[in-house]
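Asker: The structure that follows is given in the form of structure tokens.
The values are calculated or read from the model by the stated rules, or taken from the named source; none is laboratory data. All values reported here derive from a predicted model rather than from experimental measurement. Virtual Cβ from ideal backbone geometry, glycine too; neighbours counted across all protein chains shown.
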Amino acid sequence: MRRLYERLGAYALWAALAALPFLCVYGFVHYVLRASIADHFPSNGDPCVFWHEIATLVSVGLGGGHYGYEELAAPAAKYGVGTFAAHSMWFQMIYAGIGKVVGWKPQTPVWVNIGFLTAALALLPWLMRAGARYILFCLAFFASCLYMQMFTPIMMSEAFQFSVAIALAGLFFRHIEAGGGAGAFSKALWVLIACAGATRYSWALLFFAYHMPFERMRSPKAWALAMAKALAGFALCFVAYLLFAAPYPYEPFPGSHFGMAVYASLLRGDAGPLAALVKTNFLGVFEPEQMSAQLMLFWMVIAYAFAAPLLTLKERNAPAPEGGRLAGLAMFHVVNMGSILAASFFYYYAAVGMTGLRLGMPHFVCSLLILARTVRLRWLMPVLALQLVLAPALMTDMRMVGGTEYSGVTARSGAHEFQELFSKMAYRKGAPSPWCNTALVFGSYSTGQAFMFIPPEMGINDMRFPEDKNFAGPLKSGWVLTRVPGARKILERIPGLEFVGEQGAWSLFRNAAAGCGPAGGAQ
Amino acid sequence: MKNLTSPRVWLPMLLCVAAVAAGLSLYPDFFLTVRCSCVEPFKSAPLAKGQLLGCSNITQTISWERSSNVTLAKGDVEGWDVLTPTDPNLPAVLAVEVSRDRDQAVWFPRMSGEECAITVLTEGNRPVDRLRGTAQWSPIGARRWLNLRCLRYGDVDHDDVVELIRIQMYGRWAQVWSKQGKVFF
């Protein structure tokens, strides 16, 4: 009977863990923001662009326009398909697959994100073969993790990355426990790393942990073979990522894919760009109003995650098989956390503001969940303590971010300023080039929720105000929008641009020089 | 007692204390942050029957240059005006410069209809209060408290004496009541 009660208790905790994402998001939105999930309307830069990219995939698949900056397209553009911006297009494909089935409305991402988190947390105890104590720890960690509750549901693909981190933790635990041969679990792990690596290539570095030669740790040949396999896996993800990723041309990586220009400069003897990269990524305050200072503390926690396996090794005078498993785990943590550091030198901002948190948190959670299963939980109490102390600061920032993202009333009422004008951009099926179905937002960066009212089939490109006062094009995009008076004057003198109309602060031009034919007119 | 001397017990405890101390050191005022982030937002008393105040000694100015889509009309109570959206399809922004010489102030919103909402934003566009309308008119004189100390938490410049508060109104029947050009009492 007692055993029955214990099992029922464990199932109840399991159910609570699975229900946690919905309960926390509901509580935050209703009781802190005093809004409802139905009020969700992407309003900030990234959520708007991501929503629109997915809307394009749902509407016309790869037949949409080009997303990106300064009219730079990804390599896939050579094949005549619309391509995506600096985040490539793989996570958008996953959301679009769901959107195709359930529809894609402004509030859909929140529900999809809750779904991802719920699925991952429901799987976790099973993958970890965990008991009540472990589930209790997870409940305490995720219930106090305001980042997961407040930020990830509104920011595609962060909920997806967070869910991937949780699933990876469970699968890696099985894989390492079985000495690298966990059958279907190991195969599932390889597939998950490959999929996750295509959406965010820092995950692909986990191939190095995956292929670690557990049974022949002292064999150089086994190591060489394992590293070759890992490199091949990483390269596969990297190429898949690059294929649809339009270059990000702004600082700190001007004019290049993944900071290659920085390293090309270094080879030419100019270390200035690399110094600027290090300063921006590790010493700068990129988003001063957000969590930068607190993030530095997070790095301390991450450092602690490195220390924990060592503590464990010392604590347990382990016999050979157990010691080998712990060594494998230690290696996993080094690779997992080290991949953040490695990625920081090629694209991501590791230690700055919310952007850094977006990169760091999933890897950190992945390591933490495995640690919680392998070391005594008392060693992880400082992580919970720190998270609780940081909660008020996170709450402050998240209320600001969430406050704008759950303001559907505001967004829809503001749409009167441009909706009619934007609807004049007509999608051209079978157009000679995706550029014909691209709207270029000229002269300003990050127009936020105005993006949401650009027809979903159109790709959106950003072009900042040109430094050259005599800029005269040519422009590739079929449609050009601006809300900057100075930029409009520039557009008026670019050959081939025809003024279509204006509404509020916005002006719309059609680019007759884009080679889209005479039928590319406004409706 | 014997267990307490074991590093397996005191070392994790020491690490917890260190983590908490390190976290606390990041805050300029931890308790103010807790109050502004975790206590004030949950004080969501509905607009209940109240009483309009006779006068205000808070130095304040409505900044019409920074306001938009706001109309000032005569209220239903002698001596009081209502500020409301000119075009109900667009959000109205009422900007008020308030001297921050006290901790709390009272203001008088009034609404009718579920499409109505009022949001109070700091100068840095941080929402500090949000109200939504119901099918019924809220009572005249229903008070809303605003914690002025919380306005500046999280913003870069903490030393300004004058605070710019933006009140955004959505919907035809979203109102902020004022008397002799004063909104906060």
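Asker: Filtering the range B:69-102 down to residues that are free of Cβ contacts under 8 Å to residues at least 24 places away in the same chain and among the aliphatic types (A, V, I, L, M), which residue is surrounded by the most Cβ atoms within 10 Å (Cβ to Cβ)? First the steps, then the outcome.
Answerer: Residues of the range B:69-102 free of Cβ contacts under 8 Å to residues at least 24 places away in the same chain: B:71, B:73-74, B:78, B:86-87, B:89-90.
After this cut, where a residue has to be among the aliphatic types (A, V, I, L, M) as well, the list is B:73, B:90.
Numbers: B:Ala73: 9, B:Leu90: 17.
Here the residue is B:Leu90.
Asker: Restricting to the range B:80-122, count the residues that are farther than 22 Å from B:Ser56 by Cα and of a type in the set (Asp, Glu).
Answerer: 3
Asker: Also, I was wondering about something else. When you check A:Ala77 against the structure, is it assigned to a loop (DSSP other than H, G, I, E, B), over 21 Å from B:Pro127 (Cβ atoms) and of a type outside the set (S, T, N, Q), yes or no? Lay out the reasoning, then the answer.
Answerer: On the way: assigned to a loop (DSSP other than H, G, I, E, B): no; over 21 Å from B:Pro127 (Cβ atoms): yes; of a type outside the set (S, T, N, Q): yes.
In short, no.
Asker: While we're looking at this one, here's another question. Residues to consider are B:Glu97, B:Glu78; find the one that is more than 10 Å from every other protein chain (Cβ to nearest Cβ) and in contact with a strand residue (DSSP E or B) (Cβ under 6 Å, 6 or more places away or on another chain). Spell out how you get there, then give the answer.
Answerer: Values: B:Glu78 fails: in contact with a strand residue (DSSP E or B) (Cβ under 6 Å, 6 or more places away or on another chain).
None of the others qualify; the one that does is B:Glu97.
Asker: Still on this structure, I have one more. Could you grab me the full set of residues in the range A:176-203 that are within 18 Å of A:Glu158 (Cβ to Cβ) and of a type outside the set (Ser, Thr, Tyr)?
Answerer: We begin by selecting, within the range A:176-203, every residue within 18 Å of A:Glu158 (Cβ to Cβ); these are A:192, A:195-203.
Hits for the range A:176-203 are A:Leu192, A:Cys195, A:Ala196, A:Gly197, A:Ala198, A:Arg200, A:Trp203.
Asker: Another one. Can you name the condition, by its number, that B:Pro41 falls short on among (1) at pLDDT 80 or above; (2) more than 18 Å from A:Leu380 (Cβ to Cβ); (3) surrounded by 14 or more Cβ atoms within 10 Å (Cβ to Cβ); (4) within 8 Å of chain A (Cβ to nearest Cβ)?
Answerer: Evaluating B:Pro41 over (1) at pLDDT 80 or above; (2) more than 18 Å from A:Leu380 (Cβ to Cβ); (3) surrounded by 14 or more Cβ atoms within 10 Å (Cβ to Cβ); (4) within 8 Å of chain A (Cβ to nearest Cβ) leaves (1) as the failure.
Asker: Also, quick follow-up: Among (1) within 14 Å of chain A (Cβ to nearest Cβ); (2) under 24 Å from the mean Cα position of the chain (by Cα); (3) surrounded by 12 or more Cβ atoms within 10 Å (Cβ to Cβ); (4) not in a loop (DSSP other than H, G, I, E, B), which single condition is B:Val9 missing?
Answerer: Every listed condition holds for B:Val9 apart from (2).
Asker: Considering only residues that are surrounded by 20 or more Cβ atoms within 10 Å (Cβ to Cβ) and part of a loop (DSSP other than H, G, I, E, B), which ones fall in the range A:101-117?
Answerer: A:Trp104, A:Pro106
Asker: If you check every pair at least six apart or on different chains, which have Cβ atoms under 6 Å apart with a residue in the range A:82-94 that is over 15 Å from A:Trp104 (Cβ atoms) and crowded, with 23+ Cβ neighbours inside 10 Å first and a residue that is modelled with pLDDT of 85 or more and charged (D, E, K, R) second?
Answerer: Pairs that qualify, where the first residue is over 15 Å from A:Trp104 (Cβ atoms) and crowded, with 23+ Cβ neighbours inside 10 Å and the partner is modelled with pLDDT of 85 or more and charged (D, E, K, R), are A:Phe84/A:Glu53.
Asker: Let me ask you something else. Can you find even one residue in the range A:191-198 that is of a type in the set (A, V, I, L, M), over 25 Å from A:Met361 (Cβ atoms) and touching a helix residue (DSSP H, G or I) at 6+ places or on another chain (Cβ under 7 Å)?
Answerer: Let us first name the residues in the range A:191-198 that are of a type in the set (A, V, I, L, M), namely A:191-194, A:196, A:198.
Then drop every residue that is not over 25 Å from A:Met361 (Cβ atoms), which leaves none.
Checked against the condition, which is being of a type in the set (A, V, I, L, M), over 25 Å from A:Met361 (Cβ atoms) and touching a helix residue (DSSP H, G or I) at 6+ places or on another chain (Cβ under 7 Å), the range A:191-198 yields no hits at all.
Asker: Now for a different question. Which condition breaks for A:Ala120 when tested against (1) touching a Phe, Trp or Tyr at 6+ places or on another chain (Cβ under 8 Å); (2) surrounded by fewer than 20 Cβ atoms within 10 Å (Cβ to Cβ)?
Answerer: (2)
Asker: Mind counting the residues in the range A:26-68 that are of a type in the set (Val, Ile, Thr) and surrounded by fewer than 24 Cβ atoms within 10 Å (Cβ to Cβ)?
Answerer: Here is the first cut: in the range A:26-68, the ones of a type in the set (Val, Ile, Thr) are A:29, A:32, A:37, A:49, A:54, A:56, A:58, A:60.
From what's left, surrounded by fewer than 24 Cβ atoms within 10 Å (Cβ to Cβ): A:32, A:37, A:58, A:60.
Looking only at that region, the number is 4.
Asker: For the range B:85-121, how many residues meet the condition of being assigned to a loop (DSSP other than H, G, I, E, B) and touching a Gly at 6+ places or on another chain (Cβ under 8 Å)? Give the steps one after another, and end with the answer.
Answerer: Of all residues in the range B:85-121, those assigned to a loop (DSSP other than H, G, I, E, B) come to B:86-91, B:100-103, B:112-116.
Checking which are touching a Gly at 6+ places or on another chain (Cβ under 8 Å) leaves us with B:88, B:90-91, B:112-116.
Number of matching residues: 8.
Asker: Additional query: Need the failing condition index for B:Arg35 against (1) more than 10 Å from chain A (Cβ to nearest Cβ); (2) buried (at least 16 other Cβ atoms within 10 Å of the Cβ); (3) more than 19 Å from B:Ser112 (Cα to Cα); (4) at pLDDT below 85, just the number.
Answerer: Result: B:Arg35 passes all but (1).
Asker: Is it the case, given these coordinates, that B:Gly75 is modelled with pLDDT under 80 and either of a type in the set (Gly, Ala, Ser) or in contact with a Gly (Cβ under 7 Å, 6 or more places away or on another chain) (or both)? Give the steps one after another, and end with the answer.
Answerer: Numbers: modelled with pLDDT under 80: no; either of a type in the set (Gly, Ala, Ser) or in contact with a Gly (Cβ under 7 Å, 6 or more places away or on another chain) (or both): yes.
The answer is no for B:Gly75.
Asker: For the range B:103-149: of the residues being surrounded by 15 or more Cβ atoms within 10 Å (Cβ to Cβ) and among the acidic types (Asp, Glu), which is nearest to the other protein chains (Cβ to nearest Cβ)?
Answerer: B:Glu115
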